[in-house]
1. If we keep just the residues of the stretch A:12-43 that are more than 10 Å from DNA strand D (Cβ to nearest atom) and either outside any helix (DSSP H, G or I) or among the hydrophobic types (A, V, I, L, M, F, W, C) (or both), which is nearest to residue A:106 (Cα to Cα)?
2. When you look at residue A:94, is it under 17 Å from the mean Cα position of the chain (by Cα), more than 16 Å from DNA strand C (Cβ to nearest atom), within 22 Å of residue A:149 (Cβ to Cβ) and surrounded by 15 or more Cβ atoms within 10 Å (Cβ to Cβ), yes or no?
3. Filter the stretch A:1-21 down to the residues that are surrounded by fewer than 16 Cβ atoms within 10 Å (Cβ to Cβ) and among the charged types (D, E, K, R), then identify the one that is nearest to DNA strand C (Cβ to nearest atom).
4. Considering the stretch A:22-74 alone, what residues qualify as being crowded, with 17+ Cβ neighbours inside 10 Å, within 15 Å of DNA strand C (Cβ to nearest atom) and among the aliphatic types (A, V, I, L, M)?
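Just so you know, all these numbers are worked out from the coordinates, no wet-lab data involved. Keep in mind the model is a prediction, meaning the values are calculated, not measured. As a convention, Cβ positions derive from the backbone with ideal geometry for all residues, glycine included, and neighbour counts pool all protein chains shown.
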2 protein chains.
Amino acid sequence: MDTAERLVTSAQELLWERGYVGTSPKAIQERAGAGQGSMYHHFRGKPDLALTAMRRSARELRAQAEEQLGREGTALERVGGYLGREREPLRGCRVGRMAMDPEVIASDELRAPVRETFAWLAERVAGIVADGIAAGELRPGLDPADTAAAITAVVQGGYVLARAAGDREPFDRAVRGALGLLAAAATGEAPHGA
Amino acid sequence: MDTAERLVTSAQELLWERGYVGTSPKAIQERAGAGQGSMYHHFRGKPDLALTAMRRSARELRAQAEEQLGREGTALERVGGYLGREREPLRGCRVGRMAMDPEVIASDELRAPVRETFAWLAERVAGIVADGIAAGELRPGLDPADTAAAITAVVQGGYVLARAAGDREPFDRAVRGALGLLAAAATGEAPHGA
DNA sequence: GTCTATACGCTGATAGAC
DNA sequence: GTCTATCAGCGTATAGAC
């Protein structure tokens with residue numbers, strides 16, 4: 001792995017662990033085993049490197065989500081796969097965490113990868129919920145966009161609860177709770193249609 | 001309002017806006033209109049002042065939540081009141097935000113108010129869900145603790161979605177989505193019992 | 001490409017005068 | 001109680017040698 005690459009992956013790790021305001025160029029350089037000069041040769045500065053790192057984390061997260069959401073199966077199975085996939089709740093979400101950073105939120109450019117990730121996710125999940133309704137699997141009274149937002153929020157909020165507790169259990173509870181509510185919104189009939 | 005008081009409220013505001021790592025003693029002093037000497041006379045340092053500020057924010061948040069959760073009414077009305085109360089989603093949660101701060105999480109003392117707030121909230125909501133089940137208002141299949149965690153997580157996650165989008169709409173969607181799922185888990189019968 | 005040198009304001013304090 | 005002075009180290013670079 002070359003120097004530029006090590007700088008990006010080190011920045012990804014530190015942004016995940018400490019956020020943007022909590023991460024210094026110096027700390028990134030040290031973790032990457034690179035000097036000052038190297039970093040400023042490959043990147044214009046902290047915002048430039050952070051943006052590169054955030055774009056990559058966003059892409060990776062989206063791929064992980066798509067792995068569950070794009071499976072074969074019923075809507076409940078696909079959403080359940082997304083909710084229940086293996087995570088490390090105490091680490092938080094590497095993309096969602098950026099939404100709490102004041103300097104990321106203050107910059108349209110830095111915020112863009114975060115915005116796009118959640119816009120994509122919300123739409124992807126809403127489509128699956130809509131499919132589930134169309135297939136007769138979920139109650140027609142559900143609003144797909146609202147339900148998708150709630151599902152997405154449960155995951156992000158689960159991280160907050162787990163980190164607050166210092167224990168992953170609240171995250172797992174929140175996921176089970178969401179699955180329980182979705183089960184209550186299932187019609188109990190076998191899905192039909194394409 | 002005396003100087004010590006102004007320091008605490010300024011710290012509360014800045015911690016809400018910028019988190020712990022993003023907030024400097026100097027910034028707090030400036031907002032409070034106090035000098036260095038004043039701050040170090042009244043508090044031992046940044047962690048001491050921040051802890052005082054966080055304890056107060058936690059107490060205030062709990063009182064706001066109790067205002068909705070402690071109302072008269074059915075379980076759905078009380079939980080709905082909590083979910084739907086007026087908020088400013090783009091500002092985030094002043095207590096939940098601290099869970100994403102690396103230095104708060106690294107310190108048991110600083111994390112304590114955050115931990116206690118969400119432990120209380122989860123238990124409070126779980127009790128109301130359990131009441132709703134006992135009253136025949138909610139399906140007996142729901143797990144009160146899991147459902148309460150999901151409800152709490154929807155609010156915290158809603159903040160993340162709203163800030164990521166730069167728009168309160170995703171928060172409102174998540175809340176409506178959660179209410180829609182709870183409605184699906186309602187029995188449709190009038191609550192009975194005490 | 002990477003290194004060292006230099007810069008300047010900020011961070012988080014302590015000391016002592018008033 | 002509040003003020004000013006002082007401090008070592010960090011944050012975020014830029015310049016120029018190699």
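1. Within the stretch A:12-43, the first condition is being more than 10 Å from DNA strand D (Cβ to nearest atom), and the residues that meet it are A:12-17, A:19, A:31-34, A:42.
Right, trim to either outside any helix (DSSP H, G or I) or among the hydrophobic types (A, V, I, L, M, F, W, C) (or both) and you get A:14-16, A:19, A:32-34.
On the way: A:14: 20, A:15: 16, A:16: 18, A:19: 14, A:32: 27, A:33: 30, A:34: 29 Å.
Among residues in the stretch A:12-43 that are more than 10 Å from DNA strand D (Cβ to nearest atom) and either outside any helix (DSSP H, G or I) or among the hydrophobic types (A, V, I, L, M, F, W, C) (or both), the one nearest to residue A:106 (Cα to Cα) is A:19.
2. Working: under 17 Å from the mean Cα position of the chain (by Cα): yes; more than 16 Å from DNA strand C (Cβ to nearest atom): yes; within 22 Å of residue A:149 (Cβ to Cβ): yes; surrounded by 15 or more Cβ atoms within 10 Å (Cβ to Cβ): yes.
Considered against the rule, which asks whether it is under 17 Å from the mean Cα position of the chain (by Cα), more than 16 Å from DNA strand C (Cβ to nearest atom), within 22 Å of residue A:149 (Cβ to Cβ) and surrounded by 15 or more Cβ atoms within 10 Å (Cβ to Cβ), residue A:94 comes out as yes.
3. Taking the candidates together, the pick is A:2.
4. Across the stretch A:22-74, the qualifying residues are A:28, A:32, A:34, A:39, A:49.
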